[in-house]
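First comes the structure, then the notes that go with it.
The values are calculated or read from the model by the stated rules, or taken from the named source; none is laboratory data. Just so you know, these numbers come straight off a predicted model, no measurement behind them. In this analysis, Cβ positions are derived from the backbone assuming ideal geometry, glycine residues included, and neighbour counts consider all displayed protein chains.
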Amino acid sequence: MSEAHITVDLQKLQSILAGHLPVYAIKTPHYQALMLESLLEIWRGQPARLLDIGGGTGVIAQAISQLFPVGSVEAIDLVDRFCPTLTVTTRQYDGRSIPCADGAFEAATLNNVLHHVPPAERGNLMREIRRAVTGPVYIKDHLTTGIMDNLRLTVLDAWGNIAFGGMVEAKYLSSTEWNELAAETGYHIGAVAHPMDYRTGIAALAFPNRLETTMRFDPA
């Protein structure tokens, strides 16, 4: 668990999300709770300013601001589909230049984002994050071992994103590719969270939990 020994209260998380997306008044955010738990497991310190990149509706950034040991949280994305009721700062950006001074943030999060970034652009994005963020980058994403995993993950992305207007087009990374991306952009993988039971039963057989990964990129 994290240095702060915080666990995610499912009911509190549901209340936070439902305050901005009414669907969560009836939908239990099991996946989101486990995702946040995985981030907390490898969390370090208490960053004064955190940047959530590819924040989507912004509700995860909102939850992080209320549940994690952080100061302020800002969410940015290519498309402004942020919920208007958020209290965190939100901003639309061009996907290339993060609109801030060098070292303006102490940590960053990328939650199920990098597999949607075209492979040719990933290095540039991570180097731009390295410019803007002085500390660790927490990445929740996916892990593929080949064609069948890519098909499984494509289905999962469609299932989870279409209803919220999220991106579906993706190219997933293998373990080797994650390590190469870190090394090429001034990072090393400092920690990887333990596997979480995102799915159980038949769903876990069809979409194994090994497809999910959470890691911390530490500045090299």
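Against the numbered list (1) in a helix (DSSP H, G or I); (2) at pLDDT below 95, G166 comes up short only at (1).
Checking each residue in the stretch 180-194 for being exposed (fewer than 15 other Cβ atoms within 10 Å of the Cβ) and either among the polar types (S, T, N, Q) or in contact with an Asp or Glu (Cβ under 9 Å, 6 or more places away or on another chain) (or both) picks out H188, H194. Residue count for the stretch 100-139, restricted to those that are outside any helix (DSSP H, G or I) and not small (G, A, S): 17.
Selection within the stretch 195-220: residues that are part of a helix (DSSP H, G or I) and touching a residue at least 40 places away in the same chain (Cβ under 8 Å). The member of this set that is surrounded by the fewest Cβ atoms within 10 Å (Cβ to Cβ) is A206. Against the condition in contact with a helix residue (DSSP H, G or I) (Cβ under 8 Å, 6 or more places away or on another chain) and part of a helix (DSSP H, G or I), how does Q11 come out, does it pass? Criteria not met by Q11.
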